[in-house]
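Below: one structure, written as structure tokens.
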Amino acid sequence: MASVSLENISKIYPNGVAALRGLNLDIQDGELLVLVGPSGSGKTTALRLIAGLEQPTAGNIRIGERRVNDVPSRDRDVAMVFQRHTLYPHLTVRRNLSFGLDLRRPILARRLLEKLGLCQPISDGQAARTTAERIAEAAQFLELQDLLDRRPNQLSGGQQQRAALGRALVRRPAVFLLDEPLSHLDVPLRSSLRRQLHLLHRRFPATMIYVTHDPVEAMILADRVAVVDDGVVWQVDRPTAVYEKPGHRRVAAFFGWPSMNLLDGVLSASDNSWGLRVGQTTLPLPAAPPGDGQPRDGLALTMGIRPHDLRLAEGAGEGFVGEVRRLEALGNFTLVTLGHGAVELTAQVDGRERISAERPWRVVFEMERIHWFDRATGRRLAGGRPEG
Ligand code: ADP
Ligand code: MG
């Protein structure tokens with residue numbers, strides 16, 4: 001096991017694309033960290049840099065205490081599982097599993113290391129036994145026992161991906177890199193393999209970096225999540241902490257589903273009642289926004305509120321009245337998008353409720369459920385000041 005650290009990493013590809021722009025990330029020894037971000041945000045690039053398949057344009061990569069920028073991939077003690085399986089088509093599952101072991105310790109290299117006193121001498125018989133034991137263990141854990149003599153084209157997608165995981169597992173790497181390994185599988189298979197991954201991490205403790213574009217998957221799997229967007233890590237914390245207190249507007253927009261409502265506006269005050277003016281429309285606020293007592297009329301802010309923190313009400317009363325612009329029935333809940341002028345809010349209501357689109361609805365919410373962000377910097381505000 002080993003810690004991994006990325007220090008101010010930039011990666012500019014030869015075509016000029018800046019995939020990473022000063023990315024910082026520390027992964028602790030033995031941790032399961034999920035790197036989550038939208039497609040194109042630089043996740044695969046980050047993994048390929050750690051694996052040594054790609055060189056950074058600037059910055060330092062460390063595995064344990066060692067700076068590995070110049071260490072070739074095969075000497076980094078990492079194993080990577082790719083988005084689509086990369087099994088050798090002409091080899092059986094068993095040979096695919098042992099292949100990495102054979103490659104990493106070629107017999108001649110081992111003999112040389114033994115001569116130099118740099119590794120414990122082990123006999124070929126012993127090496128073969130170790131290989132066989134590891135394959136049996138991985139096969140049992142991943143339920144591959146009955147598939148060991150098949151070739152990849154005789155396996156289903158899920159079986160292929162399990163075999164790819166097995167191949168990484170038998171190598172007992174210090175660091176596991178998993179690049180959206182489940183994204184091509186159907187939903188039930190994905191959730192069962194996800195559960196298995198959790199067990200796997202407990203059973204074979206290794207530092208694990210798991211990449212996904214799916215915030216829900218990140219929440220289920222992670223000890224900690226790192227939210228990446230546009231080649232930069234915006235927040236690293238326990239998944240619930242990121243969900244409850246997104247530190248930046250970008251994190252708020254991405255992390256969580258259904259997505260948070262975000263409104264860019266200007267605070268307005270009149271006769272002790274507060275509102276957020278968006279274009280020509282004002283969204284009434286149930287109380288004064290948190291602040292330090294300074295007059296804040298005219299302050300440019302972004303307001304965020306999650307769909308399940310909005311309630312719909314009928315008839316006259318406080319809140320924001322809007323016409324139904326969209327109704328999305330998703331079974332156990334329905335997303336109702338209400339709008340008036342430039343203000344649009346999506347509320348999540350119980351799927352059994354019948355929402356008529358014919359008449360306007362009122363949306364009410366509590367002040368404590370609002371997330372405030374600075375319009376200029378995007379940073380989370382608390383009490384009128386940037387947080388953290
Ligand atoms: P993600 O895995 O988060 O979807 P990637 O790391 O694959 O993101 O890509 C980040 C950005 O770098 C994207 O804009 C992508 O088009 C670009 N990119 C990735 N690989 C290459 C490459 N080999 N050459 C040029 N641009 C690339
Ligand atoms: Mg990718």
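The values are calculated or read from the model by the stated rules, or taken from the named source; none is laboratory data. Please read these numbers as outputs of a predicted model, since none were measured by experiment. Here the Cβ is made from the backbone with ideal geometry for all residues, glycine too, and neighbour counts use every protein chain on show. Remember, those area values only see protein heavy atoms, side chains included, never the ligands or the DNA or RNA. Shrake-Rupley method; radii C 1.70, N 1.55, O 1.52, S 1.80 Å.
Some notes on this structure:
- Hits in the stretch 295-352 - residues which are part of a loop (DSSP other than H, G, I, E, B), under 32 Å from the mean Cα position of the chain (by Cα) and buried (at least 18 other Cβ atoms within 10 Å of the Cβ): R306, L310
- Residue within the stretch 251-271 that is in contact (Cβ under 8 Å) with a residue 40 or more places away in the chain, hydrophobic (A, V, I, L, M, F, W, C) and open to solvent by 60 Å² or more (accessible area, probe 1.4 Å) present: yes
One line per residue, one yes/no per condition, for (1) of a type in the set (A, V, I, L, M); (2) at pLDDT 95 or above; (3) under 25 Å from W257 (Cβ atoms):
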position	(1), (2), (3)
L299	yes, no, no
R325	no, yes, yes
V336	yes, yes, yes
A347	yes, yes, yes
D350	no, yes, yes
P360	no, no, no
E368	no, no, yes
R375	no, no, yes
A382	yes, no, yes
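Per-residue answers, yes or no, for (1) of a type outside the set (A, V, I, L, M); (2) closer than 23 Å to K43 by Cα; (3) out of contact with any Pro (no Cβ under 7 Å at 6 or more places or on another chain); (4) more than 16 Å from ligand 2 (Cβ to nearest atom):
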residue: A168; (1), (2), (3), (4): no, yes, yes, yes
residue: R171; (1), (2), (3), (4): yes, no, yes, yes
residue: D179; (1), (2), (3), (4): yes, yes, yes, no
residue: V187; (1), (2), (3), (4): no, yes, yes, yes
residue: R190; (1), (2), (3), (4): yes, yes, yes, yes
residue: R194; (1), (2), (3), (4): yes, yes, yes, yes
residue: H198; (1), (2), (3), (4): yes, yes, yes, yes
residue: P205; (1), (2), (3), (4): yes, yes, yes, yes
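- Strands (runs of 3 or more DSSP E) contained entirely in the stretch 31-97, each with at least 1 residues that are within 12 Å of ligand 1 (Cβ to nearest atom): 32-36
- Summed over the stretch 51-99, residues that are aliphatic (A, V, I, L, M) and free of Cβ contacts under 8 Å to residues at least 60 places away in the same chain total 5.
- Residue list for the stretch 301-322, restricted to those being among the acidic types (D, E) and at pLDDT 95 or above: D309
- Checking D75, D70 one by one, the residue that is modelled with pLDDT of 85 or more and either polar (S, T, N, Q) or within 27 Å of T212 (Cα to Cα) (or both) is D75 and no other.
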